[in-house]
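Asks: One structure, pasted below without further comment.
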Amino acid sequence: MKNENNKVTMVKRVAIIGAGVSGLAAIRCCLEEQLEPTCFEKGKDVGGLWKFSDHPEEGRASIYRSVFTNSSKEMTCFPDFPCPDDYPNFMHNSKLQEYITMFAKEKNLLRYIQFKTIVSSVNKRPDFSTTGQWDVTTEKDGKTESAIFDAVLICSGHHVYPNLPKESFPGINLFKGKCFHSRDYKEPGIFKGKRVLVIGLGNSGCDIATELSHIAGKVIISSRSGSWVISRVSDDGYPWDMMSISRFETLLKNALPTAISDWWYTKQMNARFKHENYGLMPLHGTLRKEPVFNDELPARILCGTVSVKPNVKEFTETSAIFEDGTMFEAIDCVIFATGYTYAYPFLDDSIIKSRDNEVTLFKGIFPPPLEKPTLAVIGLVQSLGAAIPIADLQARWAVQVLKGTCTLPSVKDMMNDIDQKMGKKLKWFGKSDTIQTDYIVYMDELASFIGAKPNILWLFLTDPKLALEVYFGPCSPYQFRLVGPGKWPGARHAILTQWDRSLKPTTTRAVGNPVKPCLFYSWFRPVAISVVSVAIFLLLI
């Protein structure tokens, strides 16, 4: 970075807000580049979202006791710190918290975190246009302190502020039963024999509904637009993401004609069951809306313990009337599983909401209008990929920008890029305010900025065994530590042994040698489907 006098401004002290997975990634990346991080965490432990508490705490993410990961351990881990091979593929929140704590201790990160500390404000210094520095004010034990930092990394997550759209439900104020957001749900015991309406067909809504269906008197899910519901268990019993998130499949998905790509996507989503038969079919089925991962919901619908209804038209004192005219009567409780809004109360809105009162960030990280690129947001994107490897790569690039090793385009070019990406998001995901993105495309884009994107052609020429795994196998986090700053010498071995770690916890009863998936078969099948599809398409036009 250069200031107006053409002198290099060296970033040294970095404030990091939040000690969840994004904050830990940011601390570690700062240390790798000899910066001085200070992390402020409101709670008393690391983990953020994954640190379970019996009671929801104001200003902190909150989960229910039964939460499991939707991404498998090989796709979820920090890219230079594989999960122990005996860990289950899909981890309970307590197991992931154990892993996160293990990582923080192994990388010696805890000494840089100030726990039970609230960040109350982050403001530009008077000479910001020259120095890029920030005044950060914190509160701890009733005492207020301020300090000057050369840069700020916001890692506070987007599952903190619940979206509770009561204004969209006429009559809800008349309802006499209990009514609360899913962040306040912890466990099913108190709902025994109750009649419960869950509004929202996302991961939380489906998890809560299926869990309650074992003890509640009646459970109904109300959905405005439907959702794809898929299993964590994929073809031949392998973890879904290790079979589906690959470079080759991403190439096919993006290269095929739209009609064929949509048909293939819908066929994949309906592989387990026909969504229209279960009342789950999304209104716009071809949009790449983030699917719900639930292995139990179809069975609970088959058994009659969960029913799916359209949006609620209005509430009465004791009932809900749906848009199809049907009614759910004598309701004891309404749970709004309606997601979250993202907010940064310690920061002036104008810094990151530069247009139409929406968060506007270059690559989901940097606010374009800032005179100096010394503030970044880590962890504000969602995709089918896991949060940890995304946060790690975002932090690596952000730190390089803070150091001046990488530079950002002009404000005009950044805003044009944001507009272009928004057009693609509308086509794929259907919401203008979505933070959804294509995992591999996004990761490769960030990796390219710092020279960490694997060179597939070079790998095929120099290390074909590794190249096959990288291109046709799962796009695991280790791929992004093969080269570039933060290169990890163990990345190649981790990639070549990822299936061994995946199979270890499932083969606890020896009945022969564990069977790894055949790479040839895993890519031959979609190729064959694509060729046949193209042939049919050409015949029909």
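The values are calculated or read from the model by the stated rules, or taken from the named source; none is laboratory data. Just so it is clear, the structure is predicted and the values come from calculations on it, not from any experiment. Methodologically, a virtual Cβ is constructed for each residue, glycine included, from the backbone with ideal geometry; neighbour enumeration extends over all protein chains shown. In case anyone asks, the SASA skips ligands and DNA or RNA and just uses the protein heavy atoms, side chains included. Shrake-Rupley method; radii C 1.70, N 1.55, O 1.52, S 1.80 Å.
Asks: Which of the residues that make up the stretch 216-249 are over 30 Å from VAL196 (Cα atoms) and either hydrophobic (A, V, I, L, M, F, W, C) or more than 18 Å from the chain's Cα centre (by Cα) (or both)? Don't jump to the end; show me each part of the working.
Replies: Going through the stretch 216-249, the residues over 30 Å from VAL196 (Cα atoms) turn out to be 234-249.
Passing the criteria: SER234, ASP235, ASP236, GLY237, TYR238, TRP240, MET242, MET243, ILE245, ARG247, PHE248, GLU249.
Asks: Name the one entry in SER204, SER231 that is among the hydroxyl-bearing types (Ser, Thr, Tyr), crowded, with 19+ Cβ neighbours inside 10 Å and modelled with pLDDT of 95 or more.
Replies: None of the other options fit; the residue is SER204.
Asks: How many of the residues in the stretch 19-35 are surrounded by fewer than 24 Cβ atoms within 10 Å (Cβ to Cβ) and either touching a strand residue (DSSP E or B) at 6+ places or on another chain (Cβ under 8 Å) or in a loop (DSSP other than H, G, I, E, B) (or both)?
Replies: Counting residues in the stretch 19-35 that are surrounded by fewer than 24 Cβ atoms within 10 Å (Cβ to Cβ) and either touching a strand residue (DSSP E or B) at 6+ places or on another chain (Cβ under 8 Å) or in a loop (DSSP other than H, G, I, E, B) (or both) gives 4.
Asks: Has the stretch 437-446 got at least one residue that is of a type outside the set (A, V, I, L, M), farther than 24 Å from PRO239 by Cβ and at pLDDT 90 or above?
Replies: Yes.
Asks: Find the helices (runs of 4 or more DSSP H) located wholly in the stretch 440-511 whose residues include 3 or more that are in contact (Cβ under 8 Å) with a residue 12 or more places away in the chain, under 30 Å from CYS30 (Cα atoms) and of a type outside the set (A, V, I, L, M, F, W, C), and list them.
Replies: Passing ranges: none, list empty.
Asks: Okay, moving on. Within the stretch 282-290, is even one residue crowded, with 17+ Cβ neighbours inside 10 Å, part of a helix (DSSP H, G or I), in contact (Cβ under 8 Å) with a residue 12 or more places away in the chain and not hydrophobic (A, V, I, L, M, F, W, C)?
Replies: So far as the stretch 282-290 goes, no, none of its residues is crowded, with 17+ Cβ neighbours inside 10 Å, part of a helix (DSSP H, G or I), in contact (Cβ under 8 Å) with a residue 12 or more places away in the chain and not hydrophobic (A, V, I, L, M, F, W, C).
Asks: Can you find, within the stretch 245-254, the residue that is modelled with the highest pLDDT among those that are assigned to a helix (DSSP H, G or I) and in contact with a Pro (Cβ under 7 Å, 6 or more places away or on another chain)?
Replies: Among them, the one singled out is GLU249.
Asks: Out of curiosity, is THR266 within 30 Å of GLU74 (Cβ to Cβ), open to solvent by less than 60 Å² (accessible area, probe 1.4 Å) and out of contact with any Ser or Thr (no Cβ under 6 Å at 6 or more places or on another chain)?
Replies: The answer is yes for THR266.
Asks: Within the stretch 46-59, identify whether any single residue is out of contact with any strand residue (DSSP E or B) (no Cβ under 7 Å at 6 or more places or on another chain), of a type in the set (Ser, Thr, Tyr) and touching a residue at least 12 places away in the same chain (Cβ under 8 Å), and answer yes or no.
Replies: no
Asks: Can you tell me which of PHE191, PHE169 is aromatic (Phe, Trp, Tyr), surrounded by 15 or more Cβ atoms within 10 Å (Cβ to Cβ) and more than 20 Å from ASN311 (Cβ to Cβ)?
Replies: PHE191
Asks: Follow-up question, since we're still on this one. Got a number for residues in the stretch 280-316 being modelled with pLDDT of 95 or more, among the charged types (D, E, K, R) and within 19 Å of THR338 (Cβ to Cβ)?
Replies: 3
Asks: Of all the residues that make up the stretch 212-228, how many are open to solvent by 50 Å² or more (accessible area, probe 1.4 Å), out of contact with any Gly (no Cβ under 7 Å at 6 or more places or on another chain), modelled with pLDDT of 95 or more and part of a loop (DSSP other than H, G, I, E, B)? So that I can check it myself, show each step before the final result.
Replies: As a first pass, look at the stretch 212-228 and keep what is open to solvent by 50 Å² or more (accessible area, probe 1.4 Å): 214-215, 217-218, 224.
Checking the rest, the ones that are also out of contact with any Gly (no Cβ under 7 Å at 6 or more places or on another chain) come to 214-215, 218, 224.
Retained after the next criterion (residues that are modelled with pLDDT of 95 or more): 214-215, 218.
Then keep just the ones that are part of a loop (DSSP other than H, G, I, E, B); that gives 214-215.
Selection size over the stretch 212-228: 2.
Asks: Can you run down the residue pairs with Cβ atoms below 7 Å, 6 or more apart or on separate chains, where the first is in the stretch 130-152 and more than 21 Å from ILE378 (Cβ to Cβ) and the partner is of a type in the set (A, V, I, L, M) and open to solvent by 30 Å² or more (accessible area, probe 1.4 Å)?
Replies: Close Cβ pairs satisfying both conditions: GLU139/ILE118.
Asks: Follow-up question, since we're still on this one. Considering only the stretch 142-162, how many residues are farther than 18 Å from ALA343 by Cβ and outside any loop (DSSP other than H, G, I, E, B)?
Replies: 8
Asks: Here is a list of conditions, (1) in a strand (DSSP E or B); (2) within 30 Å of GLU469 (Cα to Cα); (3) of a type outside the set (D, E, K, R), and MET242 meets all of them except one; can you say which number that is?
Replies: Going through (1) in a strand (DSSP E or B); (2) within 30 Å of GLU469 (Cα to Cα); (3) of a type outside the set (D, E, K, R) one by one, MET242 breaks only (1).
Asks: Hey, among TYR265, TYR238, which residue is at pLDDT below 90 and among the hydroxyl-bearing types (Ser, Thr, Tyr)?
Replies: Only one candidate qualifies: TYR265.
Asks: OK, next. As an exercise: evaluate ASN173 against (1) part of a helix (DSSP H, G or I); (2) more than 28 Å from LYS313 (Cβ to Cβ) and give the number of the one condition it does not meet.
Replies: (2)
Conditions tested, residue by residue: (1) closer than 16 Å to TYR64 by Cβ; (2) of a type in the set (Asp, Glu); (3) touching a Lys or Arg at 6+ places or on another chain (Cβ under 6 Å).
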position	(1), (2), (3)
GLY132	no, no, yes
SER146	no, no, no
PRO162	yes, no, yes
PRO165	no, no, no
VAL196	yes, no, no
ALA209	yes, no, no
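Asks: Of the residues that make up the stretch 251-259, is at least one open to solvent by less than 20 Å² (accessible area, probe 1.4 Å) and in contact with a helix residue (DSSP H, G or I) (Cβ under 9 Å, 6 or more places away or on another chain)?
Replies: Start the filter on the stretch 251-259 by keeping residues that are open to solvent by less than 20 Å² (accessible area, probe 1.4 Å), which leaves none.
So far as the stretch 251-259 goes, no, none of its residues is open to solvent by less than 20 Å² (accessible area, probe 1.4 Å) and in contact with a helix residue (DSSP H, G or I) (Cβ under 9 Å, 6 or more places away or on another chain).
Asks: For the stretch 313-353, which residues satisfy the criterion of being touching a residue at least 24 places away in the same chain (Cβ under 8 Å) and polar (S, T, N, Q)?
Replies: Hits for the stretch 313-353 are THR316, THR318, THR338, THR341.
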